[in-house]
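Everything below concerns the one structure shown next.
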Amino acid sequence: MIRTREGRIRPLTAFEAVPFVHSGTPPSPSLAADLEPGGPAWRPANDRARIRANVDAKSLERIPLFAGLSHKERERVARWADSIDLPAGKHLLDEGRLPHEFFVILEGAVEVTHDGDRLATMGPGDFFGEIALVEHGRRTATVVTTEPTTLVVMSPGAFDGMRSEMPQVAQRIDEAIRQRLGR
């Protein structure tokens, strides 16, 4: 469990739990459950995830969500985020579950479904996970990787910080939510 900036107590997300894997404390059941310790970086097994603690600010240049940000602002986003490499078939979000992360696709692809119906295939530059975080609700769709995929991942606190400190990014996220929910 962790105390948020607002004073609420919540479970650790997969990406917050990773440092505890080295200490022997088991992470919560999530993406972290698929990880194996392997030194300074996580080594993927055939069907395992690999988390890299640092996101390269330069890799964010080609992401439309971060277009127009200065190099210094992209460096701030990179410090707030982690990068994760996942195999095909990995469930990232499950419809109806509580939100714990925001994702941006650097490489690869994911399929988005709602009530079992395919809504979209997303690729590099696309993002997801924002609706439940902004609207403080449950996940509105299920998202699964369809090929090996590299993602930028942010915790709710980092996501909120990015939205409050970077109004142009917040505006792009809000527009995506309006389009996705048909408002």
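Applying the selection to the stretch 58-96, what residues are of a type in the set (D, E) and either surrounded by 19 or more Cβ atoms within 10 Å (Cβ to Cβ) or in a strand (DSSP E or B) (or both)?
D82, D85
Test each condition in (1) touching a Ser or Thr at 6+ places or on another chain (Cβ under 9 Å); (2) closer than 19 Å to R138 by Cβ; (3) at pLDDT below 50 for P29 and report the one that comes out false.
Looking at each condition in turn, P29 falls short on (1).
The values are calculated or read from the model by the stated rules, or taken from the named source; none is laboratory data. If you're wondering where the values come from, they're calculated on a predicted model, not measured in any experiment. As a convention, Cβ positions derive from the backbone with ideal geometry for all residues, glycine included, and neighbour counts pool all protein chains shown.
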